[in-house]
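The values are calculated or read from the model by the stated rules, or taken from the named source; none is laboratory data. All figures in this text were calculated on a predicted structure; none of them were measured in a lab. Please note: Cβ atoms are built from the backbone with ideal geometry, for glycine as well, and neighbour counts cover all protein chains shown. Areas reflect the complete protein model, heavy atoms only, side chains present, ligands, DNA and RNA absent. Shrake-Rupley method; radii C 1.70, N 1.55, O 1.52, S 1.80 Å.
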Amino acid sequence: EVLPHWTEGRDALVLAEVDDPRNWPASDDAGDPLARLRFYDRHGARLLPLRYFQPSLRKGSPRVDGMFLLRLDRSPEHSGELLAAFLEKYFTACEGTGSVVDPPVSSLLATARGLDLERDTWAVDRWPEVPPA
């Protein structure tokens, strides 16, 4: 219900970071990653087929491996370049400008640039096909 309000009148790329169930078991605190994936699948999200990790969100905290990136919007105009630009800004804001030359980040950015965000996204239920972290 919220998505149309987020994208109305805007050219928005809307993403969600979600846990890979292979790395994050269900728990009372964090919920059930499989149920979360089924929820997003039912609501039309698309899986970006890349090994994703979340940047360190605060000084001294580690990056978070074992994540997926889902695309929630349906705008046909978006490219892998836009995704890579977002990720570069995200990592730079969280970890500083040097993070983008770190091999795992530069590899993530290169993979993102190479994606066609219309053709290369997958149904969420294909998550087991994404190489694990």
> Which condition does SER56 not pass, out of (1) at pLDDT 95 or above; (2) out of contact with any strand residue (DSSP E or B) (no Cβ under 7 Å at 6 or more places or on another chain); (3) outside any loop (DSSP other than H, G, I, E, B), if it passes all the others?
Replying inline: (3)
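Considering every residue within segment 71-93, establish whether at least one is outside any helix (DSSP H, G or I) and within 12 Å of the chain's Cα centre (by Cα).
yes
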>> If a residue must be modelled with pLDDT under 90 and out of contact with any Asp or Glu (no Cβ under 7 Å at 6 or more places or on another chain), how many such residues does segment 64-87 contain?
In response: 4
> Across segment 8-19, what is the total count of residues that are open to solvent by less than 100 Å² (accessible area, probe 1.4 Å), in a loop (DSSP other than H, G, I, E, B) and without any contact (Cβ under 8 Å) to a residue 60 or more places away in the chain?
Replying inline: 2
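Between ALA85, ALA93, which is surrounded by 13 or more Cβ atoms within 10 Å (Cβ to Cβ) and either closer than 13 Å to ARG51 by Cβ or not aromatic (Phe, Trp, Tyr) (or both)? Walk me through how you get there before you give the answer.
Numbers: ALA93 fails: surrounded by 13 or more Cβ atoms within 10 Å (Cβ to Cβ).
Step by step, each of ALA85, ALA93 is checked, and only ALA85 is surrounded by 13 or more Cβ atoms within 10 Å (Cβ to Cβ) and either closer than 13 Å to ARG51 by Cβ or not aromatic (Phe, Trp, Tyr) (or both).
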> Just wondering, is there one or more residues in segment 97-113 that are over 14 Å from LEU13 (Cβ atoms), in contact with a helix residue (DSSP H, G or I) (Cβ under 9 Å, 6 or more places away or on another chain), touching a residue at least 60 places away in the same chain (Cβ under 8 Å) and part of a helix (DSSP H, G or I)?
Replying inline: yes
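For the structure I just gave you, tell me whether LEU57 is open to solvent by 50 Å² or more (accessible area, probe 1.4 Å), under 21 Å from ASP20 (Cβ atoms) and of a type in the set (A, V, I, L, M).
yes
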>> Of everything in segment 114-133, what is assigned to a helix (DSSP H, G or I) and touching a helix residue (DSSP H, G or I) at 6+ places or on another chain (Cβ under 9 Å)? Give them in sequence order.
In response: VAL124, ASP125, TRP127
> Do you know which of the residues in segment 20-53 that are open to solvent by 30 Å² or more (accessible area, probe 1.4 Å) and part of a strand (DSSP E or B) is nearest to GLU81 (Cα to Cα)?
Replying inline: ARG46
>> Please verify whether ASP28 is under 16 Å from the mean Cα position of the chain (by Cα) and acidic (Asp, Glu), treating the condition exactly as stated.
In response: no
> Which condition does HIS5 not pass, out of (1) outside any loop (DSSP other than H, G, I, E, B); (2) under 24 Å from ASP120 (Cα atoms); (3) open to solvent by 30 Å² or more (accessible area, probe 1.4 Å), if it passes all the others?
Replying inline: (2)
>> Please go through (1) farther than 19 Å from ASP20 by Cβ; (2) without any contact (Cβ under 8 Å) to a residue 60 or more places away in the chain for SER75 and return the number of the only condition it doesn't satisfy.
In response: (2)
